[in-house]
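Notes to accompany the following structure.
The values are calculated or read from the model by the stated rules, or taken from the named source; none is laboratory data. Just so we're clear, the structure is a prediction, and the values are computed from it rather than from any experiment. With ideal geometry, Cβ positions are generated from the backbone for all residues, glycine too; neighbour counts draw on all protein chains shown.
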Amino acid sequence: MKRHDKAPNGHFAEGLILYGNLETGAMASQGFLLEPPDLQHASIGVQNDYQDKLRIFLSTLGPKQRAQLQWTCNSDYQKELIRYHQQTATVTDGYHAGDRFFSVRALVDPATADLNVIINRKVYVLELVTDKEPFQSVTFYPADEPPAQSAGQPNVGPSRLLGLLDKAKAYPLLAEQYPEMVSQIDKAEPFTQTLYEGFHVVLTKVFRFDTEDALIFQVEFVNETDKPIYYIPQSLAVRVGSGVYWSALSDASGIITAGVKDPKTGKITPGHSDGYFVICGTPHGGRNHLSVQNTFNVLVFRQENS
């Protein structure tokens, strides 16, 4: 059959297209739609195997058989790409290679975005939406990972809590020189006050160690009198809503330094003392899941003398 600039008239028969005279001889053809996989990033072995399959296919063509291949990239992803650009333009992420955490921040309000996180060759899709009361920190655990133990249990015992306390005290230095060591620590500086007769307590810093489910509180005791005030450091606690969480470890002297009274004016310059205490888990042995953004009231139990 001679070649044609344009396809000649043909006939459909049993899934074939027949060109030419059916009585004197015709050419039969059949079309197939092939959707080959994307092997751009496949291993060399997989690519070689696919090449062998193509060679086998070509070798099956007989002397009077022809194969005509036409390829096209006919998928139009413009709509999806525009939507992706619009969404990603409203949210920025703060991920750096090697980190085990990332942060996201909305650039406009309201904003929505999709975030794909790949862990252990699995893809997790996070749908992000702005909210007036957002989660400040979210931690994902494997389904088979046991929850953090409460204070007093072997893996969060006094020695471990002391280590966390030392890390909280050294936070400014670690954040400056070894930022990867504090990347998993949530921190807030509320500077809220809890008032008592003759003194008040300023909550200066709160640290959360999520793996241990522990919070460390740095407080400043301010004595408004000219006499020392004594308290029980082992009984320091915080109130969150209706819940009370007692300290599992404290680093406080139990004495609030007396203020200095001016003999002429009688004005008292307040005395100051610092302290730390740690809460871990709940009184019932579970996780407290407390965020550093909560409103904490510091509970101090006073004693009359040393």
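Descriptive notes on the structure:
- Pairs, first aromatic (Phe, Trp, Tyr) in the stretch 250-278, second assigned to a loop (DSSP other than H, G, I, E, B), C-beta under 7 Å, six or more apart: Phe277/Leu236; Phe277/Ser247
- Selection from the stretch 224-277 of residues that are over 42 Å from the mean Cα position of the chain (by Cα) and not in a loop (DSSP other than H, G, I, E, B): Ile229, Tyr230, Val260, Lys261, Ile268, Thr269
- The set of residues in the stretch 32-51 being out of contact with any helix residue (DSSP H, G or I) (no Cβ under 6 Å at 6 or more places or on another chain) and surrounded by 10 or more Cβ atoms within 10 Å (Cβ to Cβ) consists of Ala42, Val46, Gln47, Asn48, Asp49, Tyr50, Gln51.
- No other residue among Thr265, Thr225, Thr295, Thr269 is among the hydroxyl-bearing types (Ser, Thr, Tyr), surrounded by 15 or more Cβ atoms within 10 Å (Cβ to Cβ) and at pLDDT 90 or above apart from Thr225.
- The stretch 171-188 - residue that is closer than 24 Å to His289 by Cα and at pLDDT 90 or above and, of those, surrounded by the fewest Cβ atoms within 10 Å (Cβ to Cβ): Lys187
- Some residue of the stretch 285-301 being within 22 Å of Gly198 (Cβ to Cβ), assigned to a strand (DSSP E or B) and free of Cβ contacts under 8 Å to residues at least 60 places away in the same chain: no
- Every test in (1) over 28 Å from the mean Cα position of the chain (by Cα); (2) closer than 16 Å to Asn297 by Cα is passed by Gln218 save one, and that test is (1).
- The one condition in (1) modelled with pLDDT under 80; (2) assigned to a loop (DSSP other than H, G, I, E, B); (3) exposed (fewer than 12 other Cβ atoms within 10 Å of the Cβ) that Ala151 fails to fulfil: (3)
- Residues satisfying the stated conditions in the stretch 264-303, i.e. over 22 Å from Leu164 (Cα atoms) and among the basic types (Lys, Arg): Lys264, Lys267, Arg302
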